[in-house]
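Working notes, structure below.
Every number in this text was worked out from the coordinates using simple rules, so none of it is lab data. Bear in mind the structure is a predicted one, so any value in this text is a computation, not a measurement. Cβ atoms come from the backbone with ideal geometry, glycine included; neighbour counts cover every protein chain shown.
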Amino acid sequence: MNDQSAYLMRAITGPIILITIGVLFAFDRFTPFRFSQTWPVLLIVIGLLRLLGGGRRRWRGSDSVPPPRNEPGAHS
C-alpha cells in the first residue's frame with residue numbers, strides 16, 4: 001500500500017464508523033432489529049477497515065523514535 005492510499009484509509013475510517021453507527025440506530029428505530037442485536041456489525045466494519053488499511057505503521061523521521069539497534073559486542 002502506498003502512502004496516498006494509506007492516508008485515504010486513515011481519512012475515511014472515522015466517517016465510515018460514524019455512518020455505520022447511524023445506520024444501526026436507524027435499524028433500531030425503523031425495523032424490528034434492535035441495536036443490542038446489531039452492534040457486532042461495528043466490530044466487523046472496524047476489522048475490515050483494519051485489514052484494508054493495514055495494521056502496521058512505518059517509521060517516519062523525527063516524529064517517531066525508531067527502536068534501538070543491537071550493536072555488535074553490546075551486552076543486553
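With only Cα atoms counted, region 3-56 has Rg and Dmax values of 13.1, 43 Å. Spacing of the modelled spin labels on Asn70 and Asn2, each 7 Å from Cα toward Cβ, amounts to 3.6 nm. Computed from phi, the 3J(HN,Hα) profile of region 36-42 under the Karplus parametrisation 6.51, -1.76, 1.60 (θ = phi - 60°) reads 5, 9, 9, 4, x, 4, 4 Hz, with x in place of Gly and Pro. Computed 3J(HN,Hα) for region 5-18, one whole-Hz value per residue from the Karplus formula 6.51 cos²θ - 1.76 cosθ + 1.60 where θ = phi - 60°, is 6, 5, 5, 4, 4, 5, 6, 9, 4, x, x, 5, 5, 5, glycine and proline marked x.
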